[in-house]
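Below you'll find the structure, written out as structure tokens, and then a few comments.
Every number here is computed from the coordinates shown, using simple stated rules; none is lab data. Note that the structure is a prediction, hence the values are computed from the model and not measured. With ideal geometry, Cβ positions are generated from the backbone for all residues, glycine too; neighbour counts draw on all protein chains shown.
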Amino acid sequence: MYFGQRFYGFASEAHTEPTVESEIFKALERARLLVGSRKDLCYSRCGRTDKGVSATGQVISLYLRSNLKEAGGNVGERSEIDYVSVLNRNLPRDIRVIGWCPVAADFLARFSCLGREYKYLFWKGGLDVSKMQKAALKFIGEHDLRNFCKMDAANVSNYKRCITDFTISACDQRSNHDELWSMNIRGSAFLWHQVRCMVAVLFLVGQGLESPCVVDSLLDITKTPRKPQYTMAPELPLILRSCLFDGVSFMCSSDASQALIEHLKDEYHQYMFQAAIFDEALTCLSIPEPNPLESPKKKRKHIPLLSRELLTRNAEQESKLSQQHVVEWLP
């Protein structure tokens, strides 16, 4: 798991440090757990989260040093290296390993994954959640989602993806008379920025600026062959919550588990202290009475999505071709 606020995404890229992946490999090197070169590790990542995105269920697979005397042998959890404890002693506070599992030699975290779940947090405010849920249900099933992603022309030619579940529910948290809610999305795989694009459109529906039927129009590529120009939802509230595998059962020693609980509680309390300070600052602000002589600020006129300029094919292609060093995304 990791908190993505200070990282330039998960995957290591040239000239973009720090990344979560680079910090993990630094920890592996310090702990002397690596065997051979990186090519020999058969390394694979399940998800490739962007800058600012967090995860509570990211999964990677690779060969590591073990107490096994020979390949394919059996070793009890107690006699194996306590990978969770060893790595967490060498990782920064905003990254933690929460479990490990021995797998078959042909297992790859990316291609062995059966499904992924994302969660997007938001404050309800004046949003019409019932309309948002009505629109969200239209995503369920297999659809061409080219109008709900950032085009990846260098690596992706098939934009069909399957969403298996999309729910919107309240979280058990309030602040200044507002409620924290979450969008929970499950699917087999996701396109680049797909979740943030879907969320952005649902926010427009929740604000009453678009009808839930706009999702139908954007999913119909004969009617809307190219993506209208719109801004994605912010990255910070997005969480890669879990990755689903068949026959994988993660382990964590009792000592490592207790250390994780204490660490997360401490981090939680530290962030709550910061939130309390901002809350205190809000109570100290004096809200001036409205001045009748001041003209109200004009609201920016909303242009319906289906009336907006469409991205040109060149723009769609160049958005990714300009970054040739990127070699993969979620399948």
*the range 1-73 to the range 133-186: how many Å between their Cα centroids?*
27
_Filtered chymotrypsin sites (Phe, Trp or Tyr not before Pro), the range 199-265: DSSP coil and at most 13 other beta carbons within 10 Å_ = PHE250
_On a straight-distance basis, which lysines could pair with LYS227 in a cross-link, Cα separation under 21 angstrom, same-chain partners fewer than 8 positions away excluded?_
LYS138, LYS150, LYS160, LYS301, LYS320
*Compute the distance in nm between two label points, each set 7 Å from the Cα along the Cα-to-Cβ direction, one at ASP216 and one at ILE303.*
2.6
*For the range 4-112, what size does the Cα cloud have along each of its three principal axes, sorted from largest down, in whole Å?*
40, 29, 25
*Calculated on alpha-carbon atoms, Rg and Dmax of the chain in Å*: 22.6, 83
*Rank-order 286-299, 261-274, 189-202, 133-146 by packing density, defined as the average count of other C-beta atoms within 10 Å over each peptide's residues, highest first.*
189-202, 133-146, 261-274, 286-299
*Once the piece of chain linking GLU179 and TYR63 is laid out straight, how much longer is it, given 0.36 nm per residue of separation minus the C-alpha distance between them?*
37.3 nm
*Could you tell me which of ASN147, ALA136, LEU121 has its Cα farthest along the dipole of the range 120-172 towards the positive end, charges placed at Cβ (Lys, Arg +1; Asp, Glu -1), taken about the Cα centre?*
ASN147
*Filtered trypsin sites (Lys or Arg not before Pro), the range 1-51: DSSP coil and at most 12 other beta carbons within 10 Å*: ARG32
*Anything in the chain that counts as a DSSP H helix reaching 30 Å or more along its axis (C-alpha) with Kyte-Doolittle mean of at least -0.5? List them, would you?*
254-284
*Might you report the magnitude of the Cβ-based charge dipole of the chain about its Cα centre, with Lys and Arg at +1 and Asp and Glu at -1, to the nearest 20 debye?*
860
*For the pair GLN229 and LYS26, how long in nm is the line joining their label points, each one 7 Å along Cα→Cβ?*
3.9
